[in-house]
Amino acid sequence: MSRTAAIPFTIPDERHGLGRIGGAISDAIALWQRNLIGLRRTPQTIVFSTLQPVIFVLLFRYVFGGAVSQTLTVPYVDYLMPGIFCQMVVFGAMLTAVGLAADLKSGMLERFHSLPMSRSAVLAGRTTADLTRNFFVVILVSIAGFIVGFRIHTNVFGFLAGMGLVLLFGYALSWVFATVGLAVGDPETAQAASFPVMAPLVFASSAFVSVATMPGWLRPFAEHQPVSVTASAVRALMIGNTTPGTSTATYVWQALAWLIGLIVVFAPIAVRQYRKAV
Amino acid sequence: MTDETAIVVESLTKKFGDVEALAGVDFQVESGTVFGLLGPNGAGKTTAIRILTTILPPDGGRAEVLGYDVVRDAQKVRLRIGMAGQFAAVDPLLTGRENLRLVGKVAQMPNDLILPRADELLERFELTDAANRPARTYSGGMRRRLDIAAALVARPPVLFLDEPTTGLDLHSRNELWAMIKELVAEGTTLLLTTQYLEEADRLAGRIAVIDGGRVIAEGTPSELKAKLGRSVIELSMADETDAFRAERALSHLGRPELDGTILRLPGNVPGGAMEVLRALDGAGLEPDTLMVREPSLDDVFLQLTGHKAERSELEDATVPVGGAR
Ligand SMILES: Nc1ncnc2c1ncn2[C@@H]1O[C@H](COP(=O)(O)OP(=O)(O)O)[C@@H](O)[C@H]1O
Ligand SMILES: [Mg+2]
């Protein structure tokens, strides 16, 4: 063991001139980097995050596609892909819950609580890392979509705007699932607890089939819940307006209202839960 | 409180539902000393550490670190402390070096000092060879050392270690003790908790014995031993049957404490060691060894709490039957 000369204790009293906001951003970036290193060391996360929607695309496109396409004015795969993008980020948001629950269980959050860092940094670093993961997964899945015949009917800007909306939606959902992860505090339970939240959002939605095919009692929920609203907006942006009477802008505003609402409600809940988590 | 007091704890209370984890705890730790919080599982040690490290707010009472209140001036406290919790909290996916860099960063260290400090600590805790391996590949002892290194990255003047050697093998434990002693030599104030009497005895200048959320005794190790104020007669029998028979043969001398093949009696029994031998001889028994020794912290603990402290495999391994400490 090497013996080093005692260096006087240094007590940084300021965040090196960064100020409160600057310090919070610098902490969040440190946590974001940490989570991305973890993602790089577990490439299977990206692989399975991509494989799951790709399998859904193949199943719905080739197995169920014939049955549901009658009611549509566009090829089913073009209807399906925007729905897949939305479904995918819902399932992906579960990893926010799992990641935070793992940090809680391992004692990492306890350590972070004892450090002079911003109280929002851990959540910001986690949700932005999950956003980064979604970015790559969305690219991979759209490539798969193009291979099986998905075509954009609007233009490249509509497509990119749709992608942006999907990613923002995924980001908003990360805050919802952050509260799930912090509430259960165990990665396996987080996974199990996320499913009942995800399943109705994804399947009782217009992501894969038109809401018109659903029973009357389910339709009001299915039509207005965030996955359907976002899927409609993404569809409008990528393949144009399929329902007369509603403009693309209306869909997009509705979707933005949902995702901003989710963040405004769940981010403070998640931060409060984080403070009390350990 | 004087300038020399690093930690002040006054009437600290904390309840979890019906459980009184801390029922009014008081103690002070002088700067540059090692203070041991010694107690069995569930005594309230971790709760005390978590309050002092600003992780948990207390229900009542007051705690200060270097003059800063852990509730009101939490951020100031956090800039001055290092903490290694009861379970090594390292990111299994990050390498040793990356783990230290992350902590240095969020501990608000200047960027240019982080890596040199991380490398210095990796070397000091003998992790240089493993520095670029993800921590999930580390052994328990290595993870624990990395965890303590992480607590030290920002060079905090006050350090909290919660059961630093629990779960470590003998070799790792001895290594860690040496490292802790070195830290203290540099002037770090250390509050450590332990269930191991020997650990407190070896490392701490002062000890508070805590049980059921209360400090039931406090002092230097020798003061605590002096409280018992008398020697102990310790007998080692050939096997447990003999030990059991011996216990009955000696029952007229008060209640001997039976621990496997070992019997312990207060040194001041009527007739002393001679009477013990006579009684054993009368029962046709012969001890392997008999010794009269100073009371150990074990004895102190038993007397204070009415129950035994958890024994470490270490003590069982290093205290030879009849041998002196
Ligand atoms: N978060 C918690 N919720 C409920 N009870 C707790 C919690 N933390 C500790 N306790 C209880 O408080 C008591 C003291 O616990 P702790 O401080 O962990 O003791 P020690 O570290 O000495 O083993 C125990 O009875 C424990 O069960
Ligand atoms: Mg404990």
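The values are calculated or read from the model by the stated rules, or taken from the named source; none is laboratory data. Note that the coordinates shown come from a computational prediction; the quantities given were computed from them, not determined experimentally. Here the Cβ positions follow ideal geometry from the backbone for every residue, glycine too, while neighbour counts run over all protein chains shown. Areas reflect the complete protein model, heavy atoms only, side chains present, ligands, DNA and RNA absent. Shrake-Rupley method; radii C 1.70, N 1.55, O 1.52, S 1.80 Å.
Taking the options A:M81, A:M117, name whichever one is farther than 30 Å from B:V65 by Cα and crowded, with 24+ Cβ neighbours inside 10 Å.
Numbers: A:M117 fails: farther than 30 Å from B:V65 by Cα.
One residue alone meets the criteria, A:M81.
So how many residues does region B:166-203 have that are closer than 23 Å to B:E4 by Cα, within 16 Å of ligand 1 (Cβ to nearest atom) and either within 11 Å of another protein chain (Cβ to nearest Cβ) or aliphatic (A, V, I, L, M) (or both)?
Result for region B:166-203: 3.
Yes/no per residue for (1) basic (K, R); (2) at the interface with chain A (Cβ under 9 Å from one of its Cβ atoms):
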residue: B:K45; (1), (2): yes, no
residue: B:A48; (1), (2): no, no
residue: B:I55; (1), (2): no, yes
residue: B:R62; (1), (2): yes, no
residue: B:V65; (1), (2): no, no
residue: B:V70; (1), (2): no, no
residue: B:D73; (1), (2): no, no
residue: B:A84; (1), (2): no, yes
residue: B:F87; (1), (2): no, yes
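I'd like to verify a number: residues in region B:21-47 that are over 11 Å from the mean Cα position of the chain (by Cα), within 10 Å of ligand 1 (Cβ to nearest atom) and at pLDDT below 95, how many?
Going through region B:21-47 one residue at a time, the tally reaches 3.
Filter the helices (runs of 4 or more DSSP H) completely within region B:185-269 down to those with at least 2 residues that are under 13 Å from the mean Cα position of the chain (by Cα). Steps first, please.
Values: elements: B:197-203, B:221-228, B:240-249.
Result: B:197-203.
From the list A:S106, A:S142, A:S174, pick out the single residue that is out of contact with any Lys or Arg (no Cβ under 7 Å at 6 or more places or on another chain) and open to solvent by 20 Å² or more (accessible area, probe 1.4 Å).
None of the others qualify; the one that does is A:S106.
Conditions (1) out of contact with any helix residue (DSSP H, G or I) (no Cβ under 8 Å at 6 or more places or on another chain); (2) among the acidic types (D, E); (3) in a loop (DSSP other than H, G, I, E, B), marked per residue:
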{"position": "A:A190", "(1), (2), (3)": "no, no, no"}
{"position": "A:P196", "(1), (2), (3)": "yes, no, no"}
{"position": "A:V202", "(1), (2), (3)": "no, no, no"}
{"position": "A:A207", "(1), (2), (3)": "no, no, yes"}
{"position": "A:P220", "(1), (2), (3)": "yes, no, no"}
{"position": "A:A255", "(1), (2), (3)": "no, no, no"}
{"position": "A:A270", "(1), (2), (3)": "no, no, no"}
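Suppose we keep only residues that are hydrophobic (A, V, I, L, M, F, W, C) and more than 10 Å from chain A (Cβ to nearest Cβ) within region B:154-165. Which one would you say is nearest to B:V29 (Cα to Cα)?
The extreme case among them is B:L159.
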